[in-house]
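The values are calculated or read from the model by the stated rules, or taken from the named source; none is laboratory data. Keep in mind it's a predicted model, so treat the numbers as computed, not measured. Cβ atoms come from the backbone with ideal geometry, glycine included; neighbour counts cover every protein chain shown. Just so you know, the surface numbers come from the protein's heavy atoms only, side chains and all, with ligands and any DNA or RNA stripped out. Shrake-Rupley method; radii C 1.70, N 1.55, O 1.52, S 1.80 Å.
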Amino acid sequence: MTTTKTILLGQLAAAYDKNGWFSCLKYCLKGLTPEQAAWKPEGADNSIYEIINHLNYYNNAYLERFRGHDHESSLADNDETFDHSEAESWEAEVARFETIMDGWRAEMEKAGEAKFDELAPPGNESKWKAVISNIIAHAAHHGGQIVILRKLQGSWDSSGDVS
């Protein structure tokens, strides 16, 4: 039976760790060195490192809220979420990304179907199913940016690519 939960779990896998119609983020990050992750071409807004830091910030904030914990943003604006100067290392940031995404999968798997129809904080303006759908689309969007950055720097391994 197809449910909201099974659809969202399938979309999470596609964006995170299962190549399908596009390259998943886990594949996009495979074999990336800290130097490659920090590189950005002239005129680019963000490096891969900065993108992963940004994803970690928002994905973790909403995961904590999904778990029922308060998570108030301490940042002045979205640009601050890309700053990775406080990160321990590139490897630690990737591990944190995987822990957060695996956490999303685990929480979604154990949630009852009704959870996805509940209103999500802050503001209680959208249902969790809409918020999670946007989190997944956001991850896929940034995955595409990572592919472009890797292609520009010549570090993209197209052997497992789906396009």
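A few points about this structure:
- Label point distance in nm, Glu118-Ala137, each placed 7 Å from Cα along Cα→Cβ: 2.4 nm
- Extending 7 Å from Cα along the Cβ direction at Glu64 and again at Ala130 yields two label points whose distance is 2.4 nm.
- Nearest-0.05 FRET efficiency for Asp17 and Glu88, computed from C-beta distance (R0 25 Å): 0.65
- For the chain, the Cα gyration tensor yields ellipsoid semi-axes of 27, 20, 12 Å (square root of five times each eigenvalue, largest first, whole Å).
- Taking amide H as placed 1.01 Å from N in the peptide plane, the amide H of Ser126 sits under 5 Å from that of Ala120, each at least 5 places away or on another chain.
- Placed amide H near Asn19: partners under 5 Å, 5+ positions off or other chain: Cys24
- Accessible carbon and sulfur surface of the chain relative to its total accessible area, %, 1.4 Å: 50 percent
- A 1.4 Å probe run over the protein chains yields, for the chain, 54 Å² of accessible area per residue, whole-number rounding.
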